[in-house]
Amino acid sequence: MASPTGILVGSYSRDLVVVSVLISILASYAALDVARRVAAARNKLRIAWLWGGACAMGTGIWSMHYIGMLAFRLPVTIHYHWPTVALSLLSAVLGSAVALFVVSREQVSLRQAGLGSIVMGGGIAGMHYIGMAAMRLPAQCRYSPGLVLLSVVLAILISSAALLAFKLQEDSIVSGWRKAAAALLMGMAIPAMHYTGMAAARFTATARAPDLAYAIDISLFGTAGIVAVTMILLGLTLVATVVDRRFAAQSLALEFERRYRHLVETAQVILWRRNPESPVFSFINQEAESLLGYPLEQWLTRPEFWLEHCHPEDRVLVETSCRRAAESGEPQDFEHRIMTSSGKAHWLRSSIRAGADQAQNRELYGVMVDINERRRAQEAAEAAAQAKRQFLNNMSHELRTPMNGMLGMAQLMSSLELSQEHREYLNELTMSAEALLTIISDILDFSQAEAGVLSIRQVDFRPRDILQSTLQAFASAASRKGLKLRSEIDLEVPDTLRGDPLRVRQILINLVGNALKFTERGEVSVGITLESGDGEGVTLRFKVRDTGIGIPREKQQLIFEPFTQVDGSDRRRFGGAGLGLTVCRRLVELLGGSLGVESTPGKGSEFQFTVRFAGSGEMGKRQLSAAGH
Ligand code: ADP
């Protein structure tokens, strides 16, 4: 019906409006699913989902819009110019494609989201107004600019809301009813934009007949067709998304399984599993065959296969470790040998732990790591060290014995009637032999220390005896030089202790020897004090003090380095190889203590070292507790 001003007053078919809103909701719901599939898919599948989804989504939105237009009745016949209609469909599809592209990206910046909303909103608004332009009717269409603007703004806002909803559901924040609510909201918003756009149009009747080229009249039947096709398309899309989701989840699980298997089979360690009650393995990986040479079936079918092929010396260890892992639940780590198929013993490190499988059955899980090379290298190093130790011991014996023989003979000779001249020769001979013996001893001790083969014994001994015997050894040398030799021992020092008296004596002899060597007048004193003590043992402090030439501050650390002397020049007055203190420091460290020096050049030096000893016997214990408090 035309109003007196010629304005055609339109009305809406309520049923078609409802259908249009329903289609919109369905399209939105499908769109949310499609967006998720696009994001999850890769490569070609992603492109297929993008365009397939864009077609379905675009068709849904377009269909909503057309049904909305068809719901609008004017008192004149309306035809539609179908190429323009097709163009409006294209606009909807392209807008949807852009939207799907934006949401399927892993990272969407604010700018990209804004641009995406504008393009999608523009696509929807474009679709709407292109669609309106497809109307062929004997009337002129005028738009209210305010309402047009509002409808475009609405289209953009709806699009940004849609993108947000896509993104949220991709992050799994939207699920179940929330997803339905998002689809409902979006599905209502699109018609809101559409009907705002419709309200912007004013139709004024004209006498001019419309150009009906390429125009069609859409019957009720046509409308029903559009609705049906759209519904089927959206329905199929939804089904496809569900199927794809299932399929993707399944193939993901399969892929995971494949990778997991690959990982287990290519691992460079043996992995196995077995029931704690059964001696047969229920699983063992390929590495067992590659490393040890036996076919996997043997591991998997023959009971006790592992134990049978263990090195006889390691069987008990393997058996008890398995049992302990099963009974205590504590993980067990141990090293053992397995005889390979070629008959060689191969070293492995096994870790076993108890656990449960998915059905809560108890299981033992194990890993065997190939440590053969490391163990062989270790054995070779031990054998080499043993050979070195043997050689140095032999050399020590072979060199010292004749030297001691010479010194002994010289001593015997000195008790004979000798002329003054012969006695002087004999003294020279003795001093040279003693010097040589010292150097030989230093070199041998140093070699032993370097080779790491110095050994420490544990025997009961009396500290006082050591002190006495050391001083006795130097008594004549001291008196020859006119030096006083003093000793001091704390009353608190226990009478008997347990440790290595020979090594302690060796250190003292070195230090006292040096003290006498570097002192021209005055005295050399040796003292022992109790540093600390508890029920287990005591720490003693040994001090060797002299009034000799002293050591310059800058050399005080250097002298502990091998072959280092304060005066290393050719014109030096004192002999020696510069090894004594190096050996002393190593020995002191081996005895659990430390060696240091304090010295003032011209006044003298004081060497101090500590050694930890265990208590010995009942008497020692009593003394220890007395020393301890
Ligand atoms: P050496 O066999 O040459 O004495 P050591 O390692 O025993 O080797 O000593 C290294 C150097 O430390 C000595 O050559 C000497 O210069 C210095 N030294 C050691 N003890 C004393 C001391 N009591 N007084 C002064 N200098 C010393």
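The values are calculated or read from the model by the stated rules, or taken from the named source; none is laboratory data. Note that the structure is predicted; figures quoted are calculated from it, not measured. Every residue, glycine as well, gets a Cβ built from its backbone with ideal geometry; the counts of neighbours run over all protein chains shown. Just the protein is used for accessible areas: all its heavy atoms, side chains included, with ligands, DNA and RNA removed. Shrake-Rupley method; radii C 1.70, N 1.55, O 1.52, S 1.80 Å.
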> Amide H to amide H under 5 Å from THR206: which residues, 5+ apart in sequence or cross-chain, H placed 1.01 Å off N in plane?
Replying inline: ALA139, GLN140
> Rg and Dmax of the range 202-279, Cα atoms, in Å?
Replying inline: 31.1, 101
> What angle, in degrees between 0 and 90 and rounded to the nearest 10, separates the Cα long axis of helix 82-104 from the longest principal axis of the Cα atoms of the chain?
Replying inline: 20
>> Using Cα-Cα distances under 8 Å and only pairs 6 or more residues apart, what relative contact order does the range 11-250 have, in percent?
In response: 31
>> Across the range 489-563, what fraction of all alpha-carbon pairs, as a whole percent, falls in each successive 10 Å bin from zero upward?
In response: 16, 41, 30, 13, 1
> Within the accessible area of the chain, what % is carbon and sulfur when the probe is 1.4 Å and the other protein chains stay in place?
Replying inline: 59
> Which angle between 0 and 90 degrees, to the nearest 10, do you get for helix 177-199 versus the longest principal axis of the chain when only C-alpha atoms count?
Replying inline: 40
>> Relative contact order of the chain, please, whole-number percent, based on alpha carbon pairs below 8 angstrom and at least 6 residues apart.
In response: 9
>> How long are the semi-axes of the equivalent ellipsoid of the range 1-98, defined as square roots of 5 times the Cα gyration tensor eigenvalues? Whole Å, largest first.
In response: 35, 15, 8
> Tell me, Kirkwood radius of the range 455-628 from alpha-carbon pair distances, in Å?
Replying inline: 16.7
> Rounded to a whole number, what is D in µm²/s for the range 323-397 from Stokes-Einstein with the Kirkwood radius over alpha-carbon pairs (4 °C, 1.567 mPa s)?
Replying inline: 84
> What lysines sit close enough to LYS543 to cross-link, taking a C-alpha to C-alpha distance under 28 Å and skipping anything fewer than 8 places away on the same chain?
Replying inline: LYS481, LYS484, LYS517, LYS555, LYS603, LYS621
> What Kirkwood hydrodynamic radius do you get for the chain when you take the inverse of the mean 1/r over all pairs of distinct Cα atoms, in Å?
Replying inline: 35.5
> Relative contact order for the range 306-464 using alpha-carbon pairs under 8 Å, separation at least 6, rounded to a whole percent?
Replying inline: 14
> Counting only heavy atoms of protein chains, what accessible area per residue, in Å², does the range 376-452 have with a probe of 1.4 Å?
Replying inline: 69
>> As I understand it, the value is the acute angle between the Cα axis of helix 220-266 and the longest principal axis of the Cα atoms of the chain; what does it come to in degrees, rounded to 10?
In response: 10
> Could you work out Rg/(2.2 N^0.38 Å) for the range 11-250, with Rg from alpha carbons only?
Replying inline: 1.02
>> Strictly greater than 15 Å: what percent of every Cα pair in the range 59-102 meets that?
In response: 51
>> If I take R0 = 35 Å and measure r between the Cβ atoms of SER594 and SER351 in this structure, what FRET efficiency does the formula 1/(1 + (r/R0)^6) give, to the nearest 0.05?
In response: 0.35
> Which residues does a label at ALA248 reach in the range 84-124, if reach means a backbone N under 18 Å from a point 7 Å past the Cα toward the Cβ?
Replying inline: 97-108
> Computed from the mean reciprocal separation of all distinct C-alpha pairs, what Kirkwood hydrodynamic radius does the range 267-370 have, in Å?
Replying inline: 13.6
